[in-house]
Structures are given as C-alpha cells and as structure tokens.
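Remarks on the structure that follows.
The values are calculated or read from the model by the stated rules, or taken from the named source; none is laboratory data. Bear in mind the structure is a predicted one, so any value in this text is a computation, not a measurement. Backbone-built Cβ (ideal geometry, glycine too); neighbour counts: all protein chains shown. Surface accessibility is based on the protein's heavy atoms, side chains included, excluding ligands, DNA and RNA. Shrake-Rupley method; radii C 1.70, N 1.55, O 1.52, S 1.80 Å.
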Amino acid sequence: MISFFLCLAILIVGYFTYGKVVENTFGPDDRETPAVKINDGIDYVVMPQWKLFLVQLLNIAGLGPIFGAMQGALWGPVVFLWITFGTVFAGGVHDFFSGMMSERNDGASISEIAGIYLGGVMKNVMRVFSVVLLIMVGTVFAVGPAGLIVTLFKNGGFDNILSTTLFWLIIVLVYYFTATFLSIDKIIGKIYPIFGICLIIMAVGVAVGIFTHAEYNIPEIWENFTNMHPAGTPIWSFMFITVACGAISGFHATQSPLMARCMKSEKQGRFVFYGAMVCEGVIALIWAAAGCSLYEVTGGLNTGLQAVLDNGQSAAIYDVCAKTMGGVGIALAMLGVIACPITSGDTAFRSARLVLADWMHIEQKSYANRLKLCVPVLGVGAILGIGNCLGYIDYTVIWRYFSWTNQTLAMIVLWAASMFLFYEKKNYWITAVPATFMSAVSATYFMMAPECLGAFGIGTNVAYPVGIIVAALFLGIFVYTIKKRDVKPAYDTLKK
C-alpha cells in the first residue's frame, strides 16, 4: 500500500507545486474574460468558482478514469506511475493550457485554437478530429451508462423493459439533447454539484472499502515492476493509450473551452483546469488500485481481473462496488459511476455543437440555429448507439478508435500550447516535452494497434523505432520553426 499512498501524495503535492509553476508560466492577469465581455446567457455565462470546478471535473471524468484505470490495472501496479506522473506533468498541463488559451481567444473551441497557433491546415484537421472524437465520446458515454443501469436493474431482480439497454439508451439520448440545446446554467450548472458529490463519495467509498477489508492488499510497484497483462500486451504504448483520461486526454481539451466561457477571472484557471485533472488522477488511482488488489493473480498475471473485465465493463464496475462497499454502498457507488459518464456525454455533444458553430460561424443565441446543429449531432450519436444495442456496431471497436484519436488530439493541443508560449516569450519546454512524449506514444500505438497498422503484423521491432523517429521529427520541426520565426511579426499576423 506504500506505493499507492506515495502516488497519492505526489498528485496532491504536484497541484500545489508544479501546478503553480504552470500557472506562473502562463501568467494570468486581470483582463476582462469572455464570460463578462460576451455574456450571451447561453454558452457565455459567469459561474462561481466551486461550480466551475465541479462542472469541469464531471465534464472530463466520464468513463475514462474508471474503465480506463481498471483496464490499465491489467499491466499491474506499474500503471500507478503513469497515472501519477502523467497527471502532474502532462494531463494537468494539457488541461490548463487548453482552457487558458481558449480564455485568451474569446472562448474559442480547441479546433480554432489549434488553427491560430499551428496554421490553417491543422485547424481543419482539428475541426474534423474534434467533431468525430466528441460524437464517439458522446456515443460511448450513452451506451456505457445505459449498460450500467441495466446491470443494476437485473441484479435487482427486474426482467422487463427496465432491464433493456435500448430503453435506457433512448432515455439518456433524450436527456443529452435537452442538455445540449439549453443554456449551460439551466441543467448542467444546477445538477452537476449533486452528481459531483456522488462521484466523490463513490471514489472515497471504494478506497475505504479496499483498506477496511483485510483480504485486499494493494501490491507495491517495486515488488511487481513487470508486465502483468494476461495477454502479454506491451506496456508501451498500449497502457498509455488505454488509461487516457486518468493521466492525459485530448477529450479534455474539447471540454475546457466550455468553462473558459464561464470564468469571471483568469486567476481561477489553476483550480478549475489543473485542479480538476489532479482530482481525476486521484479517482483513476483509486480504481486502478481496486483492479490490482481485488482479484486473483496467477503466475504473475492479472487473470482474475481479466476474467471480470471479460464479462463487460458494467459488470466489472458493479463487482468492484459490491466487493468494497456491499449493500447500500452499491446503489450509491453505481449512481456515481452512472452520473460520471452521463455528465461527460452531455457536454461532449454540447462541445460538438460549439465546434461546428465556430467552424461554420453560426451564432448560438437563437433556438433555430441551435436546433440546426443539435439534431444532426445527436442523430449520428443515436444511430451509433442504437446500432451497438442491435449488434450492428461493436462498442469495443468504437472505444479503441476513440482511444487513439483521443491521445493524438492531446498531442496536437500540447504542440499548439508550445507555439502559444513561444509567441508569449514564455518557457515553451513545459509543454514541448510532454508533446514530444505523446507524439511517440501516438505514433507507436498507430503502428502496433490491431485497429490501425498492427493489422498488417507490424511488431515492436518496427513500431518502437518509428515512434521515436516521429517524436524526434515533430520536435525538430518545432525547434526549426521557432528559430526561423520572429515573435513580434508572427504574433501580429496571428491576431489578424
């Protein structure tokens, strides 16, 4: 258990130390924020800081730090290191700069931000990337909660329409449409604090359940510093892609502008963006610890956890809740786990609407303009979700494509942040280093993953060198660009 507490301490201390370094590097000031300057009563609305934090946390949390962390636990306690250091040095940095760059550019969507700092071609790439990613996220976070609700009802003895995934999927999608269409403070701003309490209680409950059951023992990293995945799947770069939201996630960059449009002061940024990511890291650490401690290990491999995950992610979460809290705790924990993805799904579709609105220059104050975008966005999500329920679309395939797209988006955002810092004459290495790392992760995974080039039998002997070469190439392009570009004229051009 020492490893767990050390990692927990690093996450907390990291917020107060490295988080402060990140904040000072950006340099928040007292300028008028988009929420005050543009306030339209729909997407630009001033909200109190505590509510900004809870909304941001629930926006970014979703299934990622729960499902992703448990999947990551298949590799053993080594996953604690990625969750901890990934959160402090990559995820928190990524979330902070994606939010604050939006803040400095009138609350623009991340695709528009990428275009400002990386050029027109990247703007169009990011527009497509963002919309595809957000619709996939919205779909995953609609099907997932529906499955969890079904699991809860079936375990409660119900065997009727209440225990069918399609029924609950439709209910969830109807809610998503409402939350996407209405003003951000009508539903999201009112119910998220309640869901936030459920999420926090759920995480604390699972942690307490682990420590109060003598039969559960969180393994130490130094005693199990090896690959414990039953299938022998390489740690690099599969673990880094799988855990995603619990360490760094490009999806977060699509969510941060939502809160950038609701902040009263730039000085709230560290608490809202970096702080929410650290909180998510803690949640992921707890769920990873549950995956590592609750199940049987055979021959140094996490076979017990694999068997539980083979029954489906919803069943695995239910099993953890039952083992750690039992009875009353199950309902409370399941509510938290259901609320968590739902509160990311609705804002995923909302973000997709806003990305399209920025892309097509469609103002969103009128009902008609919002309907023009809500209907097709939710329509595509409904087709994908219902297709999964009817067996025409594989949920796991959607998730795998989401995983790579997600981390590639994070890589692009970090490079955009590096250019932003260059133009601001600030320390750009604070973002360029994690950007280089994530470039290697994304390139290696693309070479090896079965849904990508791995289908052609490419192995580690090719994928690893290619990943390193791609990362070095991107870093070289960045260094060459900043050395050839004069800051003042370049920045003046950007502003035009």
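Normalised by the residues of the chain, what does the relative contact order come to in percent, with Cα pairs under 8 Å and at least six apart?
Here the relative contact order equals 29 percent.
Pulled fully out, how much extra length does the chain show between Ala368 and His213, if you take 0.36 nm times their separation in residues and subtract their Cα-Cα distance? List each step's numbers first, then the result.
Numbers: separation 155, 0.36 × 155 = 55.80 nm, distance 5.56 nm.
Full-extension gain reported as 50.2 nm.
Each label was represented as a point 7 Å from its Cα along the Cα-to-Cβ direction; for Leu182 and Arg485 these points are 4.3 nm apart. Distance distribution note for the chain: the fraction of Cα pairs above 41 angstrom is 14%. Cβ-Cβ distance of Ile383 and Val13, R₀ of 51 Å, FRET efficiency by 1/(1 + (r/R0)^6): the value works out to about 0.65. Here the scattering of the stretch 252-373 is modelled by Debye summation over its C-alpha atoms, one equal scatterer each and no solvent; at q = 0.09, 0.15, 0.21 Å⁻¹ the log10 of I(q)/I(0) is -0.43, -0.88, -1.19. Extending each Cα 7 Å along its Cβ direction at Leu6 and Leu81, get the distance between those two points in nm, one decimal. Going by the 7 Å Cα→Cβ label model, 1.1 nm. Computed with every protein chain present, the accessible area of Trp222 is close to 150 Å² [probe 1.4 Å].
Subtracting the Cα-Cα distance of Ala472 and Trp50 from 0.36 nm times their residue separation leaves 147.8 nm of extension gain. Go ahead and run the numbers for FRET between Glu296 and Ala331, Cβ-Cβ distance against an R0 of 25 Å, rounding to 0.05. Approximately 0.40, to the nearest 0.05. Could you tell me whether the stretch 1-112 comes out rounded, prolate or oblate from its Cα gyration tensor? Rule is a ≥ b ≥ c as square roots of the eigenvalues, rounded for a/c under 1.5, then prolate if a/b exceeds b/c, otherwise oblate. The shape class here is prolate. Residue-wise HN-Hα couplings along the stretch 165-173, as the Karplus relation 6.51 cos²θ - 1.76 cosθ + 1.60 with θ = phi - 60° gives them from phi, are 4, 4, 4, 6, 4, 4, 4, 4, 5 Hz; Gly and Pro carry x.
Take the Cβ-Cβ distance between Glu32 and Asp310 as r, set R0 to 56 Å, and report the resulting FRET efficiency rounded to the nearest 0.05. With R0 = 56 Å, the Cβ-Cβ based efficiency is 0.55. Karplus-derived 3J(HN,Hα) values for the stretch 129-140, using 6.51 cos²θ - 1.76 cosθ + 1.60 with θ = phi - 60°, are 3, 5, 5, 4, 4, 5, 5, 5, 4, x, 5, 4 Hz; glycine and proline are entered as x. Solvent-accessible area of Ile12, all protein chains in place: 80 Å² (probe radius 1.4 Å, heavy atoms, ligands and nucleic acids excluded).
Using 0.36 nm times the number of residues separating Asn427 and Trp222, minus their current alpha carbon distance, what extension gain do you get?
70.4 nm
Pairs over the 25 Å Cα-Cα cut-off, from the set Lys20/Lys190; Lys51/Lys372; Lys37/Lys365; Lys123/Lys186; Lys186/Lys365; Lys20/Lys483: Lys20/Lys190; Lys51/Lys372; Lys123/Lys186; Lys20/Lys483.
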